[in-house]
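I have placed the structure first, in the form of structure tokens, so that the comments after it can refer back to it.
Readers should treat all values here as calculations from the given coordinates under stated rules, not as data from a laboratory. Since the structure is predicted, the reported quantities are computational estimates derived from the model, not experimental observations. Every residue, glycine among them, receives a Cβ derived from its backbone with ideal geometry; neighbour counts consider all protein chains shown.
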Amino acid sequence: MKITVVGAGYVGLVTGACLAEMGNHVVCLDVDERKIAMLQRGEIPIHEPGLDAVVQRNAAAGRLQFTTDVASAVGHGTLQFIGVGTPPDEDGSADLQYVLAAARNIGRHMTDYKVIVDKSTVPVGTADKVRAAVREELAARGLSMDYAVVSNPEFLKEGAAVDDFMRPDRVVVGSDDERATLLMRAVYAPFMRNHDKLIVMDVRSAEFTKYAANAMLATRISFMNELALLAERVGADIELVRKGIGSDPRIGTHFLYAGAGYGGSCFPKDVKALIHIGADNGVPLQVLNAVEAANERQKHVLVERVVARFGEDLTGRTLAVWGLAFKPNTDDMREAPSRVVIAELVKRGAKIRAYDPVAMHEAQRVLEGVPGVTFVTGQQAALEGADALLIVTEWKEFRNPDFEFIKATLKQPVVFDGRNLYEPALMKAFGIEYLAIGRAAALPSDA
Ligand code: UDX
């Protein structure tokens, strides 16, 4: 099939590459000339495991092309996937200008039937706006042409996006047009050969499903984060509680990890947007408001612990920070808890030695201008001259570090762990003071 993907960012690029992998002819369109030039040279602008191979293989086979030329891109695909950004407006609602600009471009250049597929996360009712934008552009050309607008939200996890696309749990398609549904079924059939995982519904329900999924996941995390704080006070261990409840199939084991708060390009943005949709429609979403507030608080928990241990004034202190990306296997720093942690520590006078296995470049970009931050080249180098260590992201290489080196190198052997990577008893055996999230009860008493 001939497919156009508008937006060669995270969602668009993964979508385009994976669709090309199944034999489709895909053209990816983006306004960013630098990005398109990079992709044409076979360079991938984002860090996403496995994506480079899929892009390079399909580009070499001529099935995946990159362009900034709107007219030819619109002319190419019967299916036009829109995968552009929907950043939050000042008030938290999703900014639709890029989605609607993409729709207008399609209306301006189309000459035959198109299925316009909203892949970006957009508020309920956006498909109607996309439809209207296309209709207006067609009318301006004196045309009336057949087209469909369907909603097909993505559920890709950064760091596992290629795998998620190739082996989806489900594919949600919101469509009111039979021909469009048939084409969407055909596009996704190769990804679900053993089980039909396509869930077809009306457009509005599909748009809503994306927000509902992310809001539910964010809720689980904030819920566990609050319980972790309480567990410490009442002498329980949140890691045991997690196992104890996760074994109930109604609860399930995923997304129950207490930590330093959720970040990334989706949860914070989508929770805010859904709260906004609720308020706009006269349904205040009390649970979600609390989810967001709890997450904001959680991003400060590590700092509170440092202050409790070393005092409010951190002048003269140097703190090592392991993990800057919002989660492992990505270089994405959007809404990363590390940004809050570092800003708050620096505000109190601390110096930071920061390390991340992949996100150093991004971190330097987003933390530019924050004083007192030194970016170092390895996890051990971060410890040199540091008073204590903070762990903010659970990269695999932090899971079994040289504890003796940590003990010997830190001026005070204190580890503030925002991701519960270690066994408190083991830390104690190494002579390391260990402050994790919700785990005080797991420390053996001195008796
Ligand atoms: C998420 C959704 O999972 C995906 O379906 C959607 O399409 C986009 O948003 P992503 O943002 O890539 O994906 O990251 P995810 O792995 O879901 O993690 C989000 C945040 O939650 C991270 O900051 C992570 O550290 C945190 N998290 C996750 C926890 O704190 N505890 C957990 O148990 C799980």
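For the stretch 2-201, the Cα gyration tensor yields ellipsoid semi-axes of 24, 20, 17 Å (square root of five times each eigenvalue, largest first, whole Å).
What FRET efficiency do you get for Ala429 and Arg185 if R0 is 51 Å and r is their Cβ-Cβ distance, rounded to the nearest 0.05? It comes out at approximately 0.35. For the pair Ser247 and Met216, label points projected 7 Å from Cα toward Cβ lie 2.4 nm apart. Between the helical axis of 97-109 and the longest alpha-carbon principal axis of the chain there is an angle of about 20 degrees.
Give me Rg/Rg_expected for the stretch 225-329, where Rg uses Cα atoms only and Rg_expected = 2.2 N^0.38 Å with N residues.
1.31
Extents of the stretch 132-275, largest first, come to 71, 37, 25 Å (Cα atoms, principal axes, whole angstrom).
Relative contact order, percent, of the chain when contacts are C-alpha pairs under 8 Å separated by at least 6 residues? Relative contact order comes out at 12 percent. Straight-line cross-link reach from Lys411 at under 17 Å between alpha-carbon atoms covers these aspartates and glutamates, not counting any fewer than eight positions away in the same chain: Glu384, Asp387, Asp402, Glu433. Working note: Karplus 6.51/-1.76/1.60 with θ = phi - 60° gives the stretch 432-441 the couplings 9, 6, 10, 10, 9, 9, x, 10, 4, 5 Hz, where Gly and Pro are set to x. Take each peptide in 243-249, 375-381, count the other Cβ atoms within 10 Å of every residue, and average; sorted highest first, the result is 375-381, 243-249.
Are any of the pairs Lys327/Lys347; Lys243/Lys299; Lys114/Lys327; Lys210/Lys243; Lys269/Lys428 more than 31 Å apart by Cα-Cα distance, and if so, which?
Exceeds cut-off: Lys114/Lys327; Lys269/Lys428.
Considering only the Cα atoms of the chain, their convex hull presents on average a projected area of 23.3 nm².
Beta bridges assigned by DSSP with both partners in the stretch 208-447 are antiparallel in approximately 0 percent of cases. Would you please give the FRET efficiency between Arg41 and Lys2, computed as 1/(1 + (r/R0)^6) with r the Cβ-Cβ distance and R0 = 25 Å, to the nearest 0.05? Efficiency for this residue pair is about 0.55.
Helix 51-60 and the long axis of the chain differ in direction by around 30°, with both axes built from C-alpha atoms.
A Förster distance of 45 Å, applied to the separation of the beta-carbon atoms of Val287 and Gln56, puts the FRET efficiency at 0.50. Gain on full extension, evaluated as 0.36 nm per residue between Arg135 and Leu229 minus their Cα-Cα distance, stands at 28.5 nm.
By how many nm would the segment from Gln380 to Thr68 lengthen if fully extended, with 0.36 nm per residue of separation less the alpha-carbon distance?
Between Gln380 and Thr68, full extension yields an extra 107.9 nm.
In terms of distances greater than 21 angstrom between alpha carbons, the cross-link table entries Lys157/Lys351; Lys35/Lys396; Lys2/Lys119; Lys119/Lys272 yield Lys157/Lys351; Lys35/Lys396.
Taking N as the residue count of the stretch 21-129, its C-alpha radius of gyration divided by 2.2 N^0.38 Å amounts to 1.14. Within the listed set Ala60, Ala133, Ala320, the Gaussian network model of the chain (springs between alpha-carbon atoms below 10 Å) gives the highest mean-square fluctuation for Ala60.
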